[in-house]
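A quick write-up on the structure given underneath.
The values are calculated or read from the model by the stated rules, or taken from the named source; none is laboratory data. As the structure is a prediction and not an experimental result, all values here were calculated from the model. Cβ coordinates were reconstructed from backbone atoms using ideal geometry, including for glycine residues, and neighbour counts include every protein chain displayed. The protein model used for the area step is the full one, side chains on, heavy atoms only, and it has no ligands, DNA or RNA in it. Shrake-Rupley method; radii C 1.70, N 1.55, O 1.52, S 1.80 Å.
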Amino acid sequence: MDPWLIWLIIAAVLAAAEIFTLTAALGMLSAAALVTAGSAAFGLPLPLQFLVFTVVATVTVLFVRPIALRHVLQPQVARFGVDALVGKGAYVVSEVTGRGGRVRIDGEEWTARAYDETLVIPPGVIVDVMEISGATAIVYPRD
């Protein structure tokens, strides 16, 4: 079997293993094996193939992997749906207690409950949305 084909199989196995681990390390090794398969296809001797694999694997794992992980692990910039409502201000339409009430968030009326169940928030007060539970906004008055 040709060496380039062996390197190609190694690259495929490492790429498949990366799908299950999601560490990016096996993906970098797969890329190194792919580069080595290319160099083997050009007829590079076996000791130099190992050198190519070692150099490319070292560079990708030490330099490319941290950059890739930093981009993957970044928090989501934009929030969507009900997650976007958390932290927004709301206007109390009808008295809000620990059991119920109504607020207006961005022009839409929502059922609401007070974050602190002992609070009674009168109509006309501006509150902050602390969380959304189902179709109910959990709110707390602004100071």
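Kindly provide the trypsin sites (Lys or Arg not before Pro) of segment 80-118 that DSSP labels as loop, not H, G, I, E or B, and whose Cβ sees at most 13 other Cβ atoms within 10 Å.
Hits after loop and neighbour filter: Lys88, Arg99.
Considering only protein heavy atoms and a probe of 1.4 Å, how much of the accessible area of the chain is carbon and sulfur, as a whole percent?
67
How much FRET efficiency would the formula 1/(1 + (r/R0)^6) give for Val93 and Arg70, where r is the Cβ-Cβ distance and R0 is 41 Å, rounded to 0.05?
Values: r = 44 Å, r/R0 = 1.08.
Once rounded, the FRET efficiency stands at 0.40.
Taking the 0 to 90 degree range and rounding to the nearest ten, how far is the long axis of helix 46-59 tilted relative to the main principal axis of the chain, both from C-alpha atoms?
It works out to around 20 degrees.
Along segment 92-104, what does the Karplus equation 6.51 cos²θ - 1.76 cosθ + 1.60 (θ = phi - 60°) give for ³J(HN,Hα), rounded to whole Hz, x for Gly and Pro?
Residue by residue, segment 92-104 yields 6, 8, 10, 2, 10, 10, x, 9, x, x, 9, 10, 10 Hz.
Can you give me the long-range amide H partners of Glu131? Hydrogens built in the peptide plane at 1.01 Å from N, cutoff under 5 Å, separation of 5 or more residues or another chain.
Excluding prolines and chain starts, which carry no amide H, the hits are Ile138.
What's the angle, to the nearest 10 degrees (0 to 90), between helix 25-41's Cα axis and the longest principal axis of the chain?
In the chain, helix 25-41 runs at an angle near 30 degrees to the longest axis.
How do Ile138, Ile6 stack up against each other in accessible area, from largest to smallest, with a 1.4 angstrom probe?
So, going from the largest accessible area down, we get Ile6, Ile138.
How big is the equivalent ellipsoid of segment 4-112 along its three axes, where each semi-axis is √(5λ) from the Cα gyration tensor, reported in whole Å from largest to smallest?
The answer is 56, 12, 10 Å, longest axis first.
Per residue, how many Å² of accessible area does the chain show with a 1.4 Å probe?
Value returned for the chain: 64 Å² of accessible area per residue.
Taking amide H positions as placed in the peptide plane 1.01 Å from N, state which residues far from Val125 in sequence (5 or more) or on other chains have amide H under 5 Å from it.
Hits under the 5 Å cutoff: Val92.
In the full protein assembly as shown, how much of Trp110 is accessible to a 1.4 Å probe, in Å² to the nearest 10?
40
With the dipole of the chain worked out from charges on the C-beta (+1 for Lys and Arg, -1 for Asp and Glu) around the Cα centre, which of Val82, Tyr140, Trp4 lies farthest toward the positive end?
Checked the options; the winner is Trp4.
Amide H of Gly101 versus every other amide H placed in the peptide plane: which residues, excluding those fewer than 5 positions away on the same chain, fall under 5 Å?
Ala112
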